[in-house]
Amino acid sequence: MIQLISVYKTYGQGITSLSNINLAIKKGEFVFITGASGSGKTTLLKLLYCEERPTSGQILINRQAVDSLKISEIPYLRRRIGVIFQDFKLLSERTIFDNVAIPLEVLGLPREEIVKRVQDVLKKVRLHHRMEEKVSSLSSGEQQKVAVGRAIINDPMILLVDEPTGSLDSGTGDEIMEILRSVNARGTTTVIATHNRFLIKDSRAVVLEKGRIVS
Amino acid sequence: MRPLYFIGKAAAGMRNAPLINLLAAVNIALSLTLFGGFLVGLINANRLAERLESRLEVVAYLKERISTASLAGIEDEIKKFPEVREVVYISKEDALASLKKGLAEDSSILDGIEGNPLPASFVIRLRDGFQNSAGIKGVTARLRGIDSVDELQYGGQWLEKFSAIISIIKFGGAALGVILILSTMLIVSNTIRFTLQTRMEEIEVMRLVGATPLFIRVPFFIEGAVLGTLGAILAYGAMAAAKGFIEYNLGNELKLLFGGDIDILPYQAIIGLFTFGMAFGLFGSVISLWRFPKA
């Protein structure tokens, strides 16, 4: 499903963020990318949804080379990848419904279809009874759930998650992880970047250190 | 593509920053009013020139004591000029009667004059295409070659000057037009750029969930076109008010000059105003979004 072959990412004047990354993630896998802050976890995720391009090396998703995708093709790749950002990237003055509906609006789905799918997803993240509330009135945990809802609304083939429990208490963190595992159970390849090794349990973990895979 | 979705997005965008959008519309209106005012001036100056040209005639005053046979010969000769459409003979008696009629109750001032001092004349009207200073020049040159013609009267010289002034106005108008077009587009482009800044978060999210650049841009294009149209509506209002003011204060003078054939706000100017307003608004937003957003 995901393959990185000798991937390097260097910024500006020789600041290396990732170095010789070779990684294969199978379809339906639940994988953690872990390491200290600045180890290159977020950069690796950004390479996968084409927010960054590798300095060298090859990245394949479903055997398609995404490192050399034309700019005009990137939006179509992103529609198949759900991303949960560390800072959520929610529109705080919009409602929960509006935020979760954005990917479907981009696809041009009819309004009735959007309403139905948003309601279904909000049930999964247990926010269906509050969908007209503004995001700004929600707690961090609830905002994280909205971000999860937006990321999975389009049944993505890959779900990328950046620090899912970073600012959450352990109870809410567990709840979020449970939702992510249930999404993965339905076949979505899930890649989670975290510095929190306690989340990993018995899943596969790729450890990054100063931009290199160490285990 | 769903037009209603995009229109809704554009409307929401404008609602979010009403003041900045209103200011932009007012700025556009000011530019368009200047531009439109100039256009109206030009259209009416052209009309005036056409009207004056169509009334162009040459009066050839004749020497005294010319026989009827000679008169007929001269008339035939003039009629053969390629520029001439019509020749009307005004006898000495006709000229006096016309003068008396013109003077009306003041005609008594002619009582002291013995005999008829007015000369007979031919009034020569020109064909279409010769009703200009070149046509006048051709006719007058030929008339001067006729012995019995004493003196000529025509409006060619000032007409030539008037045409020159119109040409200068047109040239100046083109230059002013370019400046106004550029400034209007700059205003719209800066406004859209500003609204882009206020909605950066939303654009970022849309981009990251797979919206194409065109999908993100279309509502801004609509906003630009709407701003331009709003500006045109405001400009039209200002010009209509100016029209009322001018007609109220200078109505009689204008009627005298244009003979009732004046339209201070002709439909060409209104169409131009709205077309330019919308087009400038649209192009202004296209310019500001040219390199934005990246994929």
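For the stretch B:1-79, which fully contained helices (runs of 4 or more DSSP H) count at least 2 residues that are under 30 Å from B:Gly115 (Cβ atoms) and either within 14 Å of another protein chain (Cβ to nearest Cβ) or at pLDDT 85 or above (or both)?
Working: elements: B:3-16, B:18-54, B:68-79.
Where helices (runs of 4 or more DSSP H) fall fully within the stretch B:1-79 and carry at least 2 residues being under 30 Å from B:Gly115 (Cβ atoms) and either within 14 Å of another protein chain (Cβ to nearest Cβ) or at pLDDT 85 or above (or both), they are B:68-79.
Take B:Thr198 and tell me if it is of a type in the set (S, T, N, Q), under 30 Å from A:Ala151 (Cβ atoms), in contact with a Phe, Trp or Tyr (Cβ under 9 Å, 6 or more places away or on another chain) and within 14 Å of another protein chain (Cβ to nearest Cβ).
Details: of a type in the set (S, T, N, Q): yes; under 30 Å from A:Ala151 (Cβ atoms): yes; in contact with a Phe, Trp or Tyr (Cβ under 9 Å, 6 or more places away or on another chain): no; within 14 Å of another protein chain (Cβ to nearest Cβ): yes.
No, not satisfied.
Scan the strands (runs of 3 or more DSSP E) fully inside the stretch A:1-106 and keep the ones with 1 or more residues being within 11 Å of chain B (Cβ to nearest Cβ).
Numbers: elements: A:2-11, A:15-25, A:30-34, A:56-61, A:81-84.
Output list reads A:81-84.
Collect the residues in the stretch B:77-95 that are surrounded by 18 or more Cβ atoms within 10 Å (Cβ to Cβ) and of a type in the set (Asp, Glu), keeping them in residue-number order.
Answer for the stretch B:77-95, where residues must be surrounded by 18 or more Cβ atoms within 10 Å (Cβ to Cβ) and of a type in the set (Asp, Glu): just B:Glu83.
Of the numbered conditions (1) away from every other protein chain (no Cβ under 14 Å); (2) surrounded by 15 or more Cβ atoms within 10 Å (Cβ to Cβ); (3) at pLDDT 90 or above, B:Gly237 satisfies every one except a single condition; which is it?
For B:Gly237, the exception is condition (2).
Working carefully through the options A:Ile21, A:Ile25, A:Ile114, find the one that is within 17 Å of the chain's Cα centre (by Cα) and surrounded by 16 or more Cβ atoms within 10 Å (Cβ to Cβ).
A:Ile25 is the lone residue from the list that is within 17 Å of the chain's Cα centre (by Cα) and surrounded by 16 or more Cβ atoms within 10 Å (Cβ to Cβ).
Within the stretch B:210-224, identify whether any single residue is crowded, with 20+ Cβ neighbours inside 10 Å, acidic (Asp, Glu) and either assigned to a loop (DSSP other than H, G, I, E, B) or on the phi < 0 side of the Ramachandran plot (or both), and answer yes or no.
Checked the stretch B:210-224: at least one residue is crowded, with 20+ Cβ neighbours inside 10 Å, acidic (Asp, Glu) and either assigned to a loop (DSSP other than H, G, I, E, B) or on the phi < 0 side of the Ramachandran plot (or both).
Within the stretch B:98-112, does at least one residue satisfy the condition of being assigned to a loop (DSSP other than H, G, I, E, B) and polar (S, T, N, Q)? Quick ask: steps written out before the conclusion?
From the stretch B:98-112, those assigned to a loop (DSSP other than H, G, I, E, B) are B:111-112; that's our starting set.
Keeping just the survivors that are polar (S, T, N, Q) gives none.
Looking through the stretch B:98-112, none of the residues is assigned to a loop (DSSP other than H, G, I, E, B) and polar (S, T, N, Q).
Among (1) among the β-branched types (Val, Ile, Thr); (2) at pLDDT below 85; (3) surrounded by fewer than 17 Cβ atoms within 10 Å (Cβ to Cβ), where does B:Thr275 come up short?
Here B:Thr275 clears every test but (2).
Looking only at the stretch B:1-22, filter to residues that are touching a residue at least 60 places away in the same chain (Cβ under 8 Å) and out of contact with any Pro (no Cβ under 9 Å at 6 or more places or on another chain); which one of those is farthest from B:Ile187 (Cα to Cα)?
Restricting to residues being touching a residue at least 60 places away in the same chain (Cβ under 8 Å) and out of contact with any Pro (no Cβ under 9 Å at 6 or more places or on another chain), the top hit is B:Met1.
Looking at the stretch B:201-228, which of its residues are away from chain A (no Cβ under 14 Å) and in contact with a Phe, Trp or Tyr (Cβ under 7 Å, 6 or more places away or on another chain)?
If the condition is that a residue be away from chain A (no Cβ under 14 Å) and in contact with a Phe, Trp or Tyr (Cβ under 7 Å, 6 or more places away or on another chain), then B:Ile222, B:Gly228 are the ones that fit.
Looking at (1) surrounded by fewer than 17 Cβ atoms within 10 Å (Cβ to Cβ); (2) closer than 30 Å to B:Ile233 by Cβ, which one does B:Thr33 not meet, given that it meets all the others?
(1)
Looking only at the stretch A:107-128, how many residues end up being part of a loop (DSSP other than H, G, I, E, B) and either over 27 Å from A:Gly141 (Cα atoms) or among the β-branched types (Val, Ile, Thr) (or both)?
Filtering the stretch A:107-128 for residues part of a loop (DSSP other than H, G, I, E, B) gives A:108-110, A:125-127.
Next, from what is left, pick out any that are either over 27 Å from A:Gly141 (Cα atoms) or among the β-branched types (Val, Ile, Thr) (or both): A:108-110, A:125.
Selection size over the stretch A:107-128: 4.
The values are calculated or read from the model by the stated rules, or taken from the named source; none is laboratory data. Note that the structure is a prediction, hence the values are computed from the model and not measured. Here Cβ is always computed from backbone atoms with ideal geometry, including for glycine, and neighbour counts include all displayed protein chains.
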